[in-house]
Amino acid sequence: MTAVYRWEIVKLLAQKRTYLGLGAAMLVPLIFVVVLQFQSGGPNDVPLGRYIRDTGLAVPFVALFFMSFWAFPLITSLVAGDVVASESHNGTLKTILTRSRERGQVFLGKVLATLTYTAVVVVAMATVGLVAGGLAWGFNPLTSLSGTQVSTGHGLALLAASIAVYFLPLAGIAAFALMLSTVTRNSAASVVGSLMWALLMQLISVLPGIEGIRPYLLATQFEAWHGFLRVPADWAPVVRAAWVCSLYAFIPLAFAYVVFLRRDVTED
Amino acid sequence: MSGPPPVAARGLVKRYGKIVAVDQVDLTVEPGDVFGYLGPNGAGKTTSLRMMLGLIRPTEGSVELFGRDPVRDGARKALAGVAGFVEAPRFYPYLSARKNMRLLAAYDGGQARGRIDELLELVELQDRAGDKVGGYSHGMRQRLGIAASLLRSPRLLLLDEPTTGLDPAGMRDMRALVRRLASEGITVLLSSHLLGEVEELCNRVAIIRTGKIVYEGTLGDLLATATAEYRLRAVEPERARMICLAQAGVENVRAEDGELRFQADEEAVAALSIALGQARIGVTALVPERASLEELFLGMTGGDSGDKTPTREEVA
């Protein structure tokens, strides 16, 4: 199993789109900091946006907010939508499925590698944002959403926790892209399709009169990290994100798994 | 040799909607065979091989490799000791040949890693092993496909049209390689639409036409099944014809271009020659004209010699 996973990572590292996604994720916070250096206004309406020039610690949080709309869904889909489809496209599925691995192992290796990539892009974005923001405005204590001061060290811990919970809805998008990738065998259709899915989830979440289901929509889970930035921490959205996102991830993955196990491998 | 045969297909059927790509195929490959799976393009060869390799599920029937069924036992178990490829072998274009080989060795459990360079040398790719496969020619990929198969130290090699698309020198080298592997004791099943290739390499054949096996056995037996046709030239054609017609075992006598043609076995022909001699009819020629393999093959496969350019869209 580790061999399959390791070689899935090698494949990702050898493909341009991996760096395209990673590069974009790292570039966004950098551009953000540079623009704010030359402008006087700021993103005052978004969580922690008001404090962005007080401390570099606020930058990754603000970027998490902005990038949840389409940047991260796109960056995630870019790789997750390609991970099975590219094997179909290159005809390599038959090559690896006639070796000494069960189809389930190959699929699981792909899922884990995709999730690894997803986690890496979020961490890379946060790291670049933190460093760039810190260099611009210093590593000062952070003002929480409840208005209290949080020490730099504690702020970093909150950032790590926020990234972890932010990863959950992204995993849901990655799972959806992987399913499309397995079923359609077409990379472009999968990338676009899963991005549309993410955007649709957001559209639904802003419709009036859906307050009852809003907490269970995928888009809502991108705000779960706000819970960590309250004093005391509000665990309710975090716990909800954990189980809601598990469903959003598990259902498409289970479907894709069955399709992958049973599919006829032919030249398309 | 004891134990289950390397390949045993029983009632193998694959349907795609209304199209029957493979129709009730039974075939057995014995240990040590170089088995030719012969048929025109689109006859169902590749589809059969896909089922053997566990890439597609049979609609009906089953195929066992050394007694293990890819559907029942899973590909990992069923393909132990088995290697090969269908259509052209495919690799990751963005990785070098050596990296592709390392990846496949890892998928096999990693033991073969140490043999990669030796195998790349065997297929004469050692100088280009560091280059990305994306830049490889068809022939180079074909050779890499063989090397990748040998990485598994197979007892059974399944090769789908291994010489298709190669230039004459490439074809010659590929055939030499197959012969060499067979001489080392590897059982080989190779599909081909080229009769000459199968004649040169294989001891046994199965001929497939529109999904159905129309012949399975040796090429020699196939030739022997053909009724021999003879050509007779005699000084008095009309009298000779009467004698032919009267001779037991001589059939289908007809006159063509001042000659007589008939079908008979050797015994009847011997008796006929004596009869002609006794009738004092001078014989200037009595020539057997066996149907060629080519003719037999064309007859069996419906006149389609399969010389069309292969297309990737083909189901089989």
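Residues whose amide H comes within less than 5 Å of that of residue B:84, counting only those at least five positions distant or on another chain, are B:158 (H built at 1.01 Å from N in the peptide plane). Taking the C-alpha atoms only, the angle from helix B:266-278 to the longest principal axis of chain B is near 20 degrees. When only Cα pairs below 8 angstrom with a gap of at least 6 residues are kept, chain B shows a relative contact order of 21 percent.
Report for region B:7-217 the percent antiparallel among DSSP-assigned beta bridges with both residues inside it, nearest 5. List each step's numbers first, then the result.
Details: 18 of 36 bridges.
Counting DSSP beta bridges with both partners in region B:7-217, the antiparallel share is about 50 percent.
How far is helix B:237-246 tilted, in degrees, relative to the longest principal axis of the Cα atoms in chain B, given as a value from 0 to 90 rounded to the nearest 10? Tilt of helix B:237-246: around 70 degrees. The C-alpha atoms of chain B define a longest principal axis, and helix B:168-183 lies at about 80 degrees to it.
Think of it as helices only: each DSSP H run of n ≥ 4 in chain A is worth -39500 (n - 2.57), and spread over all residues that comes to -23000 deg cm²/dmol at 222 nm. For chain A, complete DSSP H runs whose alpha carbons reach 18 Å or more along their own long axis and whose mean Kyte-Doolittle score is 1.0 or higher are A:16-38, A:103-137, A:152-184, A:187-206, A:236-262. The GluC sites (Glu not before Pro) found in region B:104-205 that occupy coil by DSSP, while having at most 13 further C-beta atoms within 10 Å, are B:124, B:184.
Here the Karplus curve 6.51 cos²θ - 1.76 cosθ + 1.60, taken at θ = phi - 60°, turns the phi angles of region B:184-189 into couplings of 7, x, 7, 6, 10, 10 Hz, with x standing for Gly and Pro. Each other residue within a Cβ distance under 13 Å of residue A:244 adds +1 if Lys or Arg and -1 if Asp or Glu, for a net charge of +1.
Listed cross-link partners A:16/B:77; A:94/B:132; A:11/B:45; A:110/B:77; B:18/B:45 are compared with a 28 Å cut-off, the Cα-Cα value being larger for A:16/B:77; A:11/B:45. For residue B:22, nonlocal amide neighbours, meaning residues 5 or more places apart or on other chains whose placed amide H falls under 5 Å from its own, are B:14. Restricting the GluC sites (Glu not before Pro) of region A:204-268 to loop positions (DSSP other than H, G, I, E, B) with no more than 15 neighbouring Cβ atoms within 10 Å leaves A:211. The three principal axes of the C-alpha atoms in the protein assembly as shown carry coordinate ranges of 128, 54, 46 Å, sorted with the longest axis first. Under a model in which nothing but the beta-carbon of Lys, Arg (+1) and Asp, Glu (-1) is charged, region B:227-289 shows a dipole of about 280 debye around its Cα centre. Residue B:252 sits among other residues whose Cβ lies under 12 Å from its own Cβ, and their net charge, with Lys and Arg +1 and Asp and Glu -1, is -1.
Region A:230-268 and region B:124-170 have Cα centres spaced 40 Å apart. Note on region B:184-249: dipole from Cβ charges, positive end direction compared against B:201, B:245, B:186; the farthest Cα belongs to B:245.
Quick note: the coordinates plus some simple rules give every number you see, no bench work behind them. Given the structure is predicted, the values throughout are model-derived calculations rather than measurements. For neighbour counting, all protein chains shown are included, and Cβ atoms are generated from backbone atoms with ideal geometry for every residue, glycine included.
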